[in-house]
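Below: the structure, in structure tokens.
The values are calculated or read from the model by the stated rules, or taken from the named source; none is laboratory data. Note that this is a predicted model, so its numbers are computed, not measured. Note that each Cβ is placed from the backbone with ideal geometry, even for glycine, and that neighbours are counted across all protein chains shown.
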Amino acid sequence: MRRIRSAGLLLLLVLMGGCAAPPTSAPPPSASLYDRLGGYNAIAAVTDDFLARLGGDPQFGRFFGKATPDQLHVLRQHLVEQLCQAAGGPCFYTGRPMRAVHVGMHITEAEWNAAAGHLVAALDKFHVPPAEKTQVIAFVVSQKPDIVGQ
């Protein structure tokens, strides 16, 4: 009898429109990449992990070895802003153009590939879905001509 009453109450709620569908943890596919990634905090978390991986890799010592905490903070903020803006979020990238930032750094193809591996590892750590990961990587790859060999 109790089950019949519960089922009847549930049916009544549904018919009256008082029962919404259970919330889903994933945003709808029509949401911006920014929203699908999880917003600002998620982008910042991936960026922090990515930078920690780069900083811990001896191959990147020439870039990070002499950086001050303030310089690293600015780099981190610029990366977050750039990814946030590229993903359709409310951020505005305040850094210099990529070519100007990387001139004289002589970043090699091998360094680019190693950094790309660290980015993929950071995205994987946070379980970024394949479609969103592909979009993030596509944005980063679009910057390559202004980074490698400058």
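Checking each residue in the range 129-150 for being over 23 Å from Gly39 (Cβ atoms) and surrounded by 15 or more Cβ atoms within 10 Å (Cβ to Cβ) picks out Asp146, Ile147, Val148, Gln150. Of the residues that sit in the range 77-89 and are surrounded by fewer than 19 Cβ atoms within 10 Å (Cβ to Cβ) and either within 19 Å of Val120 (Cβ to Cβ) or among the polar types (S, T, N, Q) (or both), which one is farthest from the chain's Cα centre (by Cα)? It comes out as Gln77.
Looking at Asp70, is it more than 28 Å from Pro130 (Cβ to Cβ) and either at pLDDT 95 or above or in contact with a strand residue (DSSP E or B) (Cβ under 9 Å, 6 or more places away or on another chain) (or both)? When the stated conditions are applied, Asp70 passes them. When His102, His106 are screened for being over 19 Å from the mean Cα position of the chain (by Cα) and under 18 Å from Arg76 (Cα atoms), only His102 passes. Of everything in the range 49-104, what is hydrophobic (A, V, I, L, M, F, W, C), within 16 Å of Gly39 (Cα to Cα) and part of a loop (DSSP other than H, G, I, E, B)? Give them in sequence order. Of everything in the range 49-104, those that are hydrophobic (A, V, I, L, M, F, W, C), within 16 Å of Gly39 (Cα to Cα) and part of a loop (DSSP other than H, G, I, E, B) turn out to be Ala87, Cys91, Phe92.
Of everything in the range 108-128 that's touching a residue at least 40 places away in the same chain (Cβ under 8 Å) and not in a helix (DSSP H, G or I), which residue is surrounded by the fewest Cβ atoms within 10 Å (Cβ to Cβ)? Top of the filtered list is Thr108. Answer yes if at least one residue in the range 97-107 is in contact with a strand residue (DSSP E or B) (Cβ under 7 Å, 6 or more places away or on another chain), surrounded by 15 or more Cβ atoms within 10 Å (Cβ to Cβ), at pLDDT 95 or above and of a type outside the set (Lys, Arg), and no otherwise. So far as the range 97-107 goes, yes, one or more of its residues are in contact with a strand residue (DSSP E or B) (Cβ under 7 Å, 6 or more places away or on another chain), surrounded by 15 or more Cβ atoms within 10 Å (Cβ to Cβ), at pLDDT 95 or above and of a type outside the set (Lys, Arg).
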